[in-house]
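Read through the structure below, which is laid out as structure tokens, and then see the notes.
Throughout, read-outs are computed from the coordinates displayed, never taken from laboratory work. Computed from a predicted model, the values in this text were never measured in an experiment. Cβ placement follows ideal geometry from the backbone for every residue including glycine, while neighbour counts extend to all protein chains displayed.
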Amino acid sequence: MDYNWDWLILFKQSVTGEGLYGVMLLKGLGWTLVISLASWIVALALGIALGVGRTLPNRWVRWPVTVYVHVFRNTPLLVQLFLWYFVVPELLPPAWGDAIKQMDSTLEQLLAVLLCLTLYTAAKAAEQVRTGIESVAAGQRQAGTALGLSTLGLYKHVLLPQALRIVIPPLTSDFMNVFKNSAVALTIGLMELTGMSREISEFSAHPFEAFTAATLAYMLITLAVVWLMRTIEVRTRVPGLLGA
Amino acid sequence: MPYSFDWSSILRAWPYLLDGLGMTAFLVVVAMAGGIVLGTGLALARTFGPKPLAVAAAGYVNFFRSVPLILTIFWVFFLVPVVLRAITGDPYLTVGPIWSALAAFILAESAYYCEIIRAGIGSVRRDQLRAAQALGLTGFQSMLHVVLPQAFRNMAPSLVNQSVALLKDTSLVYVISLTDFLGAASAIGQRDGRMVELYLFAAAVYLALCSLGVWAVGRLQSTRSRHA
């Protein structure tokens, strides 16, 4: 192949005057980490609340949550991002919409991406939490009720302590997916890792070095997530369960 | 002044939107077929292959599962022309975005399908393979006629689920400016200044299609539990 590999490209000045290509890439990585971690933490809390909501006996709670989870799991992430970025500001009261449009453009993009990733990931997490709660043996729920526990007490002392530990392995892939999904941010102009590597490939005419660097960064993130979740899983393992 | 809706753009542009939907359907069907075939090969390699082959297949799967699909699309979009030019020796060869997108989806989705198919193969009892061998079937025959038919029946719901995910993922071809359904809706919305209506409409169509898939999964699961 007549492609000139040149790894030193990452240490060259960008033609746009934004500094070294390698530093641009690191900035992109920074955005990816910030967006993903912030969305994940909120999504996890929201997902647990929603997952509990889906298993509650009260149908006025259960139904809205079920609809939310269904809608957010069954539309493409990119469509959701466009809805938050292009559509919602138009539908808000005009004063709010104008305030959003007058914001700093990076802040506006960041807001849309965070909302989008958080609500999408929360719907996925809610489904895992619901499965986890339902997988705790039915006898435990009945035993808790027989002991006179209120619904709150039942969830707090019996169901959640077990369910949350059971769902750690399936949540690992959701956690990995947040980092991968954060790449959609590039479509509205937020230059995270993938977007930055694409930009560098345009400016430097060395696409494969930039893509290789981004790919390695994503693989490292994946390894870190797997290691972290595995550590948590081992620490919180439920005694007496197979596979736990 | 609150937003005043005007849905007439959608009515006027429906042939274009339908073309976009056709592209989405084409991507889903071809990527699904290619992904399942390649995924089956990978799953067989991981389960029954010799050690080096199994490790290579596992590496492939883990690689594609840890990289964002958009990055895979970029990789293929830029790499495939370079490789093909080197092979054919034609320096002006170009590859349309549609073929790049298909290649990227087949490569990436096969990794996801592989894991589902591997679980499906794992759900078939080992005795079945032994019985097939005792009947004198070759390894290939026992896979094709004994193990895989049972495995596919067990994993049908997961396969449909993954295909719903694939349908959602095809919208990412937006990044290489291939006009699928979302691309068509986006183009019309920008042309007519009606992004609100077009994106809401696109969301509704994707939601309807995915809901159909979810319903099919439910049907498959209930039929299976009735026969079990």
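A few remarks follow.
- For the pair B:Val82 and B:Asn154 in one chain, pulling the backbone fully straight at 0.36 nm per residue adds 21.8 nm over the alpha carbon distance.
- Amide H within-cut-off set for A:Thr75, under 5 Å, with H built and near neighbours excluded: none
- Proxy reagent accessibility, fewest Cβ within 10 Å first, across A:Ile200, A:Ile100, A:Ile133: A:Ile100, A:Ile133, A:Ile200
- The mean number of partner chain beta-carbon atoms within 10 angstrom of a residue's beta-carbon across peptide B:72-83 is 4.
- Summed over qualifying helices (DSSP H, 4 residues or more, each -39500 (n - 2.57)) and divided by its residue number, chain A shows a 222 nm mean residue ellipticity of -23000 deg cm²/dmol.
- Potential extension, B:Ser225-B:Val55 segment - 0.36 nm per residue separation minus Cα distance: 57.7 nm
- Amide H contacts of B:Val95 (H built 1.01 Å from N, under 5 Å, at least 5 apart or other chain): none
- Cross-link pairs A:Lys27/B:Lys51; A:Lys124/A:Lys156; A:Lys27/A:Lys124; A:Lys12/A:Lys124 - those with Cα-Cα distance over 30 Å: A:Lys27/B:Lys51; A:Lys12/A:Lys124
- Note on chain A: Cα-only Rg and Dmax are 21.9, 76 Å.
- For the peptide A:69-75, the mean number of other protein chain Cβ atoms found within 10 angstrom of a residue's Cβ is 6.
- Under Karplus coefficients 6.51, -1.76 and 1.60, residue-wise ³J(HN,Hα) of region B:154-163 in Hz, glycine/proline x: 5, 9, 3, x, 5, 5, 5, 4, 5, 6
- Sequence-separation-based contact order of region A:74-220, relative, with Cα cut under 8 Å and 6+ spacing, percent: 22
- When you work out D = kT/(6 pi eta Rh) for region B:125-228 at 20 °C and 1.002 mPa s, using the Kirkwood radius from C-alpha pairs as Rh and the Stokes-Einstein form, the result is 126 µm²/s.
- Amide H within-cut-off set for A:Leu20, under 5 Å, with H built and near neighbours excluded: A:Ser14
- Residue ranges B:86-93, A:214-221, A:17-24 sort as A:214-221, A:17-24, B:86-93 when ordered by packing (mean number of other C-beta atoms within 10 Å per residue, highest first).
- Rg over Rh [alpha-carbon atoms, Kirkwood Rh] for the protein assembly as shown: 0.98
- Sparsely packed loop sites in region B:120-228 (the trypsin sites (Lys or Arg not before Pro) outside DSSP H, G, I, E and B with at most 16 other Cβ atoms within 10 Å) comprise B:Arg125.
- Order by protection proxy (mean Cβ within 10 Å, highest first), peptides B:69-76, A:232-239, B:101-108: B:69-76, B:101-108, A:232-239
- For region B:92-184, the relative contact order comes to 33 percent (Cα pairs under 8 Å, sequence separation of at least 6).
- When only Cα pairs below 8 angstrom with a gap of at least 6 residues are kept, chain B shows a relative contact order of 28 percent.
- Distance distribution note for region B:11-227: the fraction of Cα pairs above 33 angstrom is 28%.
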